[in-house]
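The values are calculated or read from the model by the stated rules, or taken from the named source; none is laboratory data. Just so it is clear, the structure is predicted and the values come from calculations on it, not from any experiment. Here Cβ is always computed from backbone atoms with ideal geometry, including for glycine, and neighbour counts include all displayed protein chains.
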Ligand code: AMP
């Protein structure tokens with residue numbers, strides 16, 4: 001998606017504070033953190049939101065959730081953290097490329 005800011009981050013057209021990358025996903029710190037630790041995990045596949053999910057995305061979404069916990073622990077959040085997925089206009093979504101927020105304070 002040529003006008004998607006997260007696709008531009010994936011394509012390295014704009015920078016991010018990268019935490020993790022593999023062939024399927026990218027994790028990076030949120031540019032406007034709402035907690036001591038606040039990062040986003042996104043699929044490299046452009047999926048607009050949870051509203052577009054189907055059975056084909058099961059493995060990918062499972063991978064993202066397992067990675068969320070791994071990265072949260074690596075960032076000192078063993079006492080707990082919040083995950084958030086804003087979905088669609090009425091769900092408060094601002095960037096229409098599916099992403100999982102991980103937020104926590106040490
Ligand atoms: P939302 O779509 O409401 O779930 O939120 C989008 C999130 O993306 C917000 O928390 C923004 O601060 C974050 N964000 C937007 N642009 C960037 C960027 N270039 N790098 C990192 N985070 C971003």
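Look at residue 60 and say whether it is more than 19 Å from residue 106 (Cβ to Cβ), modelled with pLDDT of 95 or more and away from the ligand (no atom under 13 Å from the Cβ). Lay out the reasoning, then the answer.
Working: more than 19 Å from residue 106 (Cβ to Cβ): yes; modelled with pLDDT of 95 or more: yes; away from the ligand (no atom under 13 Å from the Cβ): yes.
Judged against the criteria, residue 60 is a match.
Residues of the stretch 1-40 being part of a strand (DSSP E or B), near the ligand (Cβ under 8 Å from one of its atoms) and surrounded by fewer than 17 Cβ atoms within 10 Å (Cβ to Cβ), which ones? I'd like the intermediate steps shown before the answer.
Kept after step one, since they are part of a strand (DSSP E or B), are these residues of the stretch 1-40: 18-21, 25-29, 37-40.
Those left that are additionally near the ligand (Cβ under 8 Å from one of its atoms): 28-29, 38, 40.
Listed by number, the list holds a single entry, 29.
Just to be sure I understand, how many residues within the stretch 1-14 are touching a strand residue (DSSP E or B) at 6+ places or on another chain (Cβ under 9 Å) and without any contact (Cβ under 8 Å) to a residue 60 or more places away in the chain?
Residues flagged as touching a strand residue (DSSP E or B) at 6+ places or on another chain (Cβ under 9 Å) and without any contact (Cβ under 8 Å) to a residue 60 or more places away in the chain within the stretch 1-14 amount to 2.
Name every residue in the stretch 80-100 that is over 12 Å from the mean Cα position of the chain (by Cα) and touching a residue at least 12 places away in the same chain (Cβ under 8 Å), in order of residue number.
Those that are over 12 Å from the mean Cα position of the chain (by Cα) and touching a residue at least 12 places away in the same chain (Cβ under 8 Å): 80, 81, 82, 87, 88, 91, 93.
When residues of the stretch 56-78 are filtered for being touching a residue at least 24 places away in the same chain (Cβ under 8 Å), in a loop (DSSP other than H, G, I, E, B) and more than 14 Å from residue 28 (Cβ to Cβ), how many remain?
Within the stretch 56-78, residues that are touching a residue at least 24 places away in the same chain (Cβ under 8 Å), in a loop (DSSP other than H, G, I, E, B) and more than 14 Å from residue 28 (Cβ to Cβ) number 2.
In the stretch 90-106, what residues are out of contact with any helix residue (DSSP H, G or I) (no Cβ under 6 Å at 6 or more places or on another chain) and more than 10 Å from the ligand (Cβ to nearest atom)?
90, 104, 105, 106
May I ask you to list pairs of residues, at least six apart or on different chains, whose Cβ atoms are under 8 Å apart, with the first in the stretch 23-52 being free of Cβ contacts under 8 Å to residues at least 40 places away in the same chain and the second being assigned to a strand (DSSP E or B) and within 8 Å of the ligand (Cβ to nearest atom)?
That search, which allows pairs on different chains as well, returns 28/40; 29/38; 29/40.
Residue check, residue 94 against (1) assigned to a loop (DSSP other than H, G, I, E, B); (2) in contact with a strand residue (DSSP E or B) (Cβ under 9 Å, 6 or more places away or on another chain), all met but one. Which one?
Condition (2) is where residue 94 drops out.
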